[in-house]
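Input: a single structure, listed below in structure tokens.
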Number of protein chains: 2
Amino acid sequence: MSDEVRLARAYLSRVAEPPAGALAAFVSAVGPVRAAALVRRGQVPGAVDSQTSARRAEDRAEADLAAMAELGGRLVVPEDEEWPAWPFTALDQAAAQGLRCGVAPLALWVRGEAELSTLTERAVAVVGSRSSTGYGQHVAAEFGHGLAASGVTVVSGAAYGIDGAAHRGALAAGGPTIAVLACGVDIAYPRGHQGLLERIPHHGLVVSEYPPGLQPARHRFLTRNRLIAAFGEGTVVVEAGRRSGAKNTAASTSALGRVLMAVPGPITSSSSSGCHDLLRSGEALAVSSVAEVIESTGRLGVDLVEATRNTEVGLPQGEALRVFEALPLDSATSAEAVSVESGVELARVRALLPELELIELAVRVDTGWKRSHEGISRGDT
Amino acid sequence: MSDEVRLARAYLSRVAEPPAGALAAFVSAVGPVRAAALVRRGQVPGAVDSQTSARRAEDRAEADLAAMAELGGRLVVPEDEEWPAWPFTALDQAAAQGLRCGVAPLALWVRGEAELSTLTERAVAVVGSRSSTGYGQHVAAEFGHGLAASGVTVVSGAAYGIDGAAHRGALAAGGPTIAVLACGVDIAYPRGHQGLLERIPHHGLVVSEYPPGLQPARHRFLTRNRLIAAFGEGTVVVEAGRRSGAKNTAASTSALGRVLMAVPGPITSSSSSGCHDLLRSGEALAVSSVAEVIESTGRLGVDLVEATRNTEVGLPQGEALRVFEALPLDSATSAEAVSVESGVELARVRALLPELELIELAVRVDTGWKRSHEGISRGDT
């Protein structure tokens, strides 16, 4: 691939504020090099012009690429083999439906050695409030660790709270993680996560569609969230208040046809109320473990959670249970008394007692029948 | 109604172990007085005989009614006005479908002054594990209190843990509650709830289909659970481990076409794992407050939770948000600079700034534009 293409996309990534649907369509139609030349000259259709006129003189492509190389980073473009083409088909489909969360990025600024396409082959987004509780951070870290240890890339937004805990959990497993930023990848935002953002490129990637130096802004977080949703096969909302930005990522997840999951928490905690709203409305699936997250997002038949939860307790049913319950624990009793106590007709009692004896729930003694000492004591009914 | 009918049903309630579908059908066909006489003599069809032969000599009807009157209780029969005919139609329908949780009781032994039909007009079951946590007991008590205070009868099983907390919460509101027992209503089971079971008849009812003196047994808890499910318009499972008996009540609730609800809790607590299974499978609806329980079970249009949760944050959207975000907080800047920073074309910026000024998000000063001090600071994105 020519440097010309990379330079053109570097220029275009600064000239329009994403998501710029008209520009993206224009680039698809005429190619990035010609599109860049026409944008520079202002010779573009009205819709493209309104997305590019404000910044079309801002041509810093060479300097941006040089600065990124200096940081050990690069610009990944759709013409590269490592472009995450498959995850982004959902964005194209959403764009075709006119959804705002559609529109694939024109290029991605990336720090880290891993290949973007490899890391997004099997990925799950883990997101949540900045104002998280100890419970939420614990769960996010556990999920981040467990997913990474299973070879699933943990995608998040590097924010304080849940995002940071998820990244840290993944790093603790030495496993893959992707931080998608709402600013240039050369900017440590939030400032307190500078160390975290420096560690991530060693075990994963820091990614942004914004060019170097661009500062975060509220609308950029919302725009960025669609990429977090697109990268993952599903999104887990660990903790979210009713107004958390994580609910925006959740909405993008559903709009992109990805699996939306929410972690239950105490109903006494407002930090979980956004999750509970998502569960109550049926938008999100409840997940309580890494295994359930993998089962919910994984390939059918490969990642099913072991069906441990419907294990039979091994108790007799129906009349056999009634007969068993009517047996005394200590002194023995007659089949006739068991019949009266259980309400089961005598002939059935006489047939059932030996069956209970076979499975070691009843024992026959000289004076009649009683429960076996191996018998199960009364459970939680 | 004649004493004859009540005596007949008192006899029949002891002679067969519920649910006794064949006997119930026989009673419907020939009437309770004739059915009792024929059962006594053993002149019944085979299916009825197998349900009644073991105890048909146990005729204590008069003594049972006298003992119950002594306790201030009574036997409520389908021929009485206070019979909960409407809630029990679901049992009849389930019986018609051959479901084990079907079969309405032949009669109900009741302690308490309230009318059974009045108390079950508006009722919700609140159930859960005996091995509950402080969190679960807190929620059960809050729900019990809030439902009773709203005039909704709290139905439960008087067990330790969640059941007891729900009853106590309802009693604290002076409100109605029904305890459905798996033994005679003259028996204090569990023993530690003797005080609770003595208080309930003053503000509600203690109910059982088992005659006086009958001891609890595992199969009786399971049989009893269908009545808890039938009495409520819905069942809330507050806390339940994976093997809790509350899951049986949950299954009956669904089978009877009632609304099944589950309270989320910390995923780190095994006491909530049964609830989370019900949520994950889609069997139960998540409920986080009394208002949501009432909304889920209530009459349409009357009990809707106020739609507070989708309140708009009052922020501008789209390009207006981008322009707002591009405004500096302190020193002012030009419309041209705002255009470059936001990527919004200059003409739109010039139109949007006065709009932002009108809603007090932007302010025009001598040197250009800046954010208004009334402007909203960056939220949780």
Is it the case, given these coordinates, that A:LEU23 is within 30 Å of A:ARG258 (Cβ to Cβ), crowded, with 21+ Cβ neighbours inside 10 Å and in contact with a Cys (Cβ under 8 Å, 6 or more places away or on another chain)? no
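In the stretch B:45-60, which residue that is assigned to a loop (DSSP other than H, G, I, E, B) and in contact (Cβ under 8 Å) with a residue 24 or more places away in the chain is farthest from B:GLY184 (Cα to Cα)?
Looking at residues that are assigned to a loop (DSSP other than H, G, I, E, B) and in contact (Cβ under 8 Å) with a residue 24 or more places away in the chain, I get B:ARG56.
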Residue list for the stretch A:65-123, restricted to those being of a type in the set (D, E, K, R) and under 18 Å from A:HIS203 (Cα atoms): A:ARG74, A:GLU82, A:ARG111, A:GLU113, A:GLU115, A:GLU121, A:ARG122
Would you check which residues across the stretch B:238-259 are in contact with a Gly (Cβ under 6 Å, 6 or more places away or on another chain) and aliphatic (A, V, I, L, M) and list them? B:VAL238, B:ALA240, B:ALA246, B:VAL259
The stretch A:320-353, residues that are of a type in the set (Asp, Glu) and at pLDDT 85 or above: A:GLU325, A:GLU336, A:GLU341, A:GLU345
The stretch A:279-301: number of residues that are modelled with pLDDT of 95 or more and among the polar types (S, T, N, Q): 2
Name the residues in the stretch B:235-246 that are crowded, with 21+ Cβ neighbours inside 10 Å and within 14 Å of another protein chain (Cβ to nearest Cβ), would you? B:VAL236, B:VAL237, B:VAL238, B:GLU239, B:ALA240, B:GLY241, B:SER244, B:GLY245, B:ALA246
Residue in the stretch B:165-184 that is nearest to the chain's Cα centre (by Cα), counting only those that are assigned to a loop (DSSP other than H, G, I, E, B) and closer than 24 Å to A:ALA326 by Cα: B:LEU181
One residue from B:GLU113, B:GLU121, B:GLU79, B:GLU142 being of a type outside the set (Phe, Trp, Tyr), within 14 Å of chain A (Cβ to nearest Cβ) and either buried (at least 16 other Cβ atoms within 10 Å of the Cβ) or assigned to a loop (DSSP other than H, G, I, E, B) (or both): B:GLU142
Would it be correct to say that B:ALA104 is touching a Phe, Trp or Tyr at 6+ places or on another chain (Cβ under 9 Å) and either surrounded by fewer than 22 Cβ atoms within 10 Å (Cβ to Cβ) or within 14 Å of chain A (Cβ to nearest Cβ) (or both)? no
Against the condition surrounded by fewer than 21 Cβ atoms within 10 Å (Cβ to Cβ) and under 30 Å from A:ARG242 (Cβ atoms), how does B:GLU360 come out, does it pass? yes
Residues of the stretch B:124-139 being in contact (Cβ under 8 Å) with a residue 24 or more places away in the chain and either in a strand (DSSP E or B) or out of contact with any helix residue (DSSP H, G or I) (no Cβ under 9 Å at 6 or more places or on another chain) (or both), in sequence order, are B:VAL124, B:ALA125, B:VAL126, B:VAL127
I want to confirm something. Restricting to the stretch B:329-361 and keeping residues that are over 57 Å from the mean Cα position of the chain (by Cα) and among the small types (Gly, Ala, Ser), which single residue is nearest to the other protein chains (Cβ to nearest Cβ)? B:ALA347
Residues in the stretch A:124-139 that are more than 12 Å from the chain's Cα centre (by Cα) and surrounded by 23 or more Cβ atoms within 10 Å (Cβ to Cβ) total 4
Evaluation of A:GLY21 against (1) at pLDDT below 95; (2) under 15 Å from A:GLU209 (Cβ atoms); (3) assigned by TED's automatic domain parsing to the domain that holds A:LEU214; (4) not aliphatic (A, V, I, L, M) (one fails), failing number: (3)
Residues located in the stretch A:272-295, provided they are within 16 Å of B:THR268 (Cα to Cα), surrounded by fewer than 24 Cβ atoms within 10 Å (Cβ to Cβ) and more than 8 Å from chain B (Cβ to nearest Cβ): A:VAL290, A:ALA291
List the number of the failed condition for B:PRO316; all other conditions in (1) within 12 Å of chain A (Cβ to nearest Cβ); (2) assigned to a helix (DSSP H, G or I); (3) within 23 Å of A:LEU222 (Cα to Cα) hold. (2)
When the residues of the stretch B:214-234 are narrowed to those that are surrounded by fewer than 24 Cβ atoms within 10 Å (Cβ to Cβ) and more than 12 Å from chain A (Cβ to nearest Cβ), which ends up farthest from B:ALA69 (Cα to Cα)? B:GLY234
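The values are calculated or read from the model by the stated rules, or taken from the named source; none is laboratory data. None of these values were measured; they are calculated from a predicted model. Cβ coordinates were reconstructed from backbone atoms using ideal geometry, including for glycine residues, and neighbour counts include every protein chain displayed.
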